[in-house]
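> The structure under discussion is supplied below as structure tokens; questions concerning it will follow.
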Amino acid sequence: MFLLGFSITSQEALHPTFVSDFKNQKISDIIFVLADVFDKQVIIDDSITGNATFHFADTNFDEALTKFAAHCNIFIEKNGSIYSVSRISIKWNEASQTADVDAEDVSAQTFFKTLSRKSKKTIVTDFPASSLITVRAQNADLERIIKLVLVKESSYELIEEEGGYYIARKSNGNTVNTAGMNNFRLEKKGELYNLTLKKAAFSNVIQELFKKAGKEYSLMNKSTQILENLYYSDKDFDTLLHLINEQSSSDFMISDGIYYIYDVQKKDILKNYKATFSVTLKNISAAEMMSLFPTDYNANGFIKVNKAANSLIITGSTDEIKRIVSFINEIDVPTDGRRYEEFSVNGLDTQSAVALFPEGFFFTPPVIVPDSHIFITQVTDEKSADIKNYLKILEKKDIAYPIHLKYIKGETLIKNLPPSIKKESIATTNDESLIFFTGTEKAFEDFKRELSFIDKPSRQIKYQLLVIQRQLSDSFSWESKIAGAEVNTDEVATGRALTAKAASLLNISFDIVTEFGIQFAESLSAQIGNSKSKIMADTTLNGISGESITFKNTNTYRYRDVAVDAKSGLYTSSTKEITSGLVIKIKGWVSGDDMVTVDVTAEVSKQGSVDSSGDSSTTNPPSTTEKSVTTNVRTQSGNAVVISGLLQEEVDETIKKTPILGSIPLIGKLFQTISSSTAQTEMIIYLVPFVQKSDNRKLTEDENIARYTEKYGDSL
């Protein structure tokens, strides 16, 4: 409490008051100090984060806590003699199933966990731990509260199923696959079927159809696709089966009365809906016409050449054929000894550039290729040169385009420019997220496309860190416990059940039981109980892949360094510092397979004893010992890394002097007491890196089940 810098005064023994100043201290630490002074029981949940600066006047506990809570926008709930502190206030009305909610800048996961506990409803969410939300609502039901959070989160949607809620991340605009969906109705009337489907798994619909038809089938494609919004009436069995299969790129065949359902390509299904059309060319050869087609016009092999008839055979949908035939009719006109040539436009859109040419400039109206900077027209050599010269006049100078970067800084972009972009084209600004690109419109579009591959968020790594100092002893082998920490299935299940007990016993957040097993946790507990071991650090660190983070747990000793001027005899002094303790530097990098490569440097230093006479002007700087280890390891996300070998054998010698007499040469030794002690310790570091997921890929059914089981236990 002295380190936090406060003072306590008491006016009466039965009515203590509190006067204190806190500057940029953790909110949770301030509350704990306040509770300790007044001997109150306080529970602080995970939503309490951040620091605060606050002055407590001469006041009692309830008044002090109430004023501080209002300052920090936190909420107090009293149950008997216990005070609960949180940034989340949820007053749930069991009768109406509604709640009054007030929460500001709190973790989404913590909010939904609290909401689930208050409402007694299952709420599963894909929100990342770093996502912060603000919610305020009066007399709102559970679904409305959740939807208020999702108003600005277009990448998530709410799915209600079996009395619970799942806040799911969308992928490429489509909802992620969820197991167990069965939102459809299939009716059979005679030999005809009616299907009304909002959302259901393909396999569930097939199973119900064959069940009602009394037919046998084999589902060979194992499709996990979700069908949506299908409505069919009065269809016979085979027709309805065809329609359902088309939605999941499947087809079927019948052998010995058994329907075999298998995967097919989407293009094979579309063949049934395509037409074929033949166009005979009159003024241009088929080969020359093919060279003039834009690339996307024939990207899927729509057009074939019949040289004998100088015709083109076009296959596609009605709209595709219509677009290609329209292009052919514009090009297939009398040439009179001319040829067709394509021209590119820079700095202007093609339509605007063509409109700026003088009337009658072209032999034939230019054909503009859609979604491009190209037009095609008939030319001679002279006309081709005229068009190119005119385009040079029309093309604008380079334009400066502002771009707001999403995830990276301008200086980072400069260091990682794609080969096609020159450094001179990019200008940074005082705003690290704003840059300017100078170039043509086409170059700008190309740059934006390439920028999408660079301007992406870096992978995040969460490190769980536990550092233990133990006295070396033959009765307990730390390394042997780790080597034998293979836990069987029963032990894992029991370990999960006892995690809370172990955490209470050790008062640490590092999940010892899950990582190393019950026996290891019990041994560690015994070591701490008999003072053979002690916790030096127990924390969670977050960093960006490729960036360094540092953890320090050090003490600083300050002393006066006195110097005497030989000429003048004047004494001068300066204050110097010696810092000792634990310093850990971590730099992790995530590879494509979610393996984490970690560079770890650990330094342990200890300050020796100082002269206890109290005369700081004559005290020599204390001695220090330093040990360091540097290692580079590669491990799977979630697997522990153990660093040991930081051994120290320390001999501490303490000299106690009688003031003045103890400093007399020779005789002073009679007034000194010298004591020494030897201690051998080892520092052991446990580091568990976790790669925080940020991809949007769809999870498989097995991955979804595993994720639910991990979060909510086997009871689901």
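The values are calculated or read from the model by the stated rules, or taken from the named source; none is laboratory data. What you see is a predicted model; the values in this text were computed from it and never measured. Neighbour counts run over all protein chains shown; Cβ positions are idealised from the backbone, glycine included. Accessible surface areas use protein heavy atoms only, side chains included; no ligands, DNA or RNA. Shrake-Rupley method; radii C 1.70, N 1.55, O 1.52, S 1.80 Å.
> What nm distance separates the two modelled labels at N60 and T239, each placed 7 Å from Cα along Cα→Cβ?
8.3 nm
> Further question: Arranged from highest to lowest average of other beta-carbon atoms within 10 Å per residue, in what order do the peptides 118-125, 207-214 appear?
The most tightly packed comes first, giving 118-125, 207-214.
> To the nearest 10 square angstrom, what accessible area does Y262 show with a 1.4 Å probe?
For Y262, the solvent-accessible surface is approximately 70 Å².
> Related question: Can you run phi through the Karplus equation (6.51, -1.76, 1.60; θ = phi - 60°) for segment 443-451 and list ³J(HN,Hα) in whole Hz, with x for Gly and Pro?
Along segment 443-451, the couplings run 5, 5, 4, 5, 5, 4, 5, 6, 5 Hz.
> Past the 28 Å Cα-Cα mark, which pairs from K121/K199; K40/K585; K532/K552; K26/K113; K152/K199?
Over 28 Å apart, Cα to Cα: K40/K585.
> Suppose all protein chains stay in the model; what accessible area per residue would a 1.4 Å probe give for segment 371-441, in Å²?
Per residue, segment 371-441 has an accessible area of 65 Å².
> Hand me the trypsin sites (Lys or Arg not before Pro) from segment 400-439 located in a DSSP loop with no more than 16 other Cβ atoms within 10 Å, in residue order please.
K406, K409, K422
> Within the accessible area of segment 85-129, what % is carbon and sulfur when the probe is 1.4 Å and the other protein chains stay in place?
45 percent
> Whose amide H sits under 5 Å from the amide H of Y156, counting only residues 5 or more places off or on another chain, with H placed in the peptide plane?
K170
> Then there's this: If packing is taken as the average count of other Cβ atoms within 10 Å, what order do 72-79, 32-39, 238-245 fall into, highest mean first?
238-245, 32-39, 72-79
> For segment 346-438, which GluC sites (Glu not before Pro) are in a loop by DSSP, counting at most 16 other Cβ atoms within 10 Å?
Listed in order of number, the matching sites are E359, E395, E432.
> Any chance you could run the full-extension gain for S384 through D594? It's 0.36 nm times the residue separation minus the Cα-Cα distance, nm to one decimal.
70.0 nm
> For N51 and L472, FRET efficiency with R0 = 60 Å and r from the beta-carbon atoms, rounded to 0.05?
For L472 and N51, the calculated efficiency is 0.95.
> Oh, and also: So what is the relative contact order of segment 50-151, in percent, for Cα pairs below 8 Å that sit 6 or more residues apart?
21 percent
> Which of the lysines could be linked to K392 by a straight reach, that is with a Cα gap under 20 Å, when you skip same-chain ones fewer than 8 residues away?
K383, K442
> Does segment 312-400 come out rounded, prolate or oblate by the C-alpha gyration tensor, with a ≥ b ≥ c the root eigenvalues, rounded set by a/c under 1.5 and, if not, prolate when a/b is larger than b/c and oblate if not?
Oblate is the answer for segment 312-400, as a/c is 1.5 or above yet b/c matches or exceeds a/b.
> Right, here's the next one. FRET efficiency for K121 and L570, Cβ-Cβ distance as r, R0 = 60 Å, nearest 0.05?
About 0.15, to the nearest 0.05.
> Another question about this same structure. Given a cut-off of 24 Å, name the pairs among K23/K462; K576/K606; K576/K669 whose C-alpha atoms lie farther apart than that in the structure shown.
In this structure, K23/K462; K576/K669 exceed 24 Å between Cα atoms.
> Give me the one-decimal nm value for the distance between modelled label points at S255 and T438, 7 Å along each residue's Cα-to-Cβ direction.
Here the answer is 6.9 nm between the modelled labels.
> At N542 and D371, where each label point lies 7 Å from the Cα along Cα→Cβ, what is the point-to-point distance in nanometres?
About 4.0 nm, to one decimal.
> Please give the length that would be gained between K322 and K282 if that part of the chain were fully extended, namely 0.36 nm times their separation in residues minus their C-alpha to C-alpha distance (nm, one decimal).
Difference between extended and current length: 12.6 nm.
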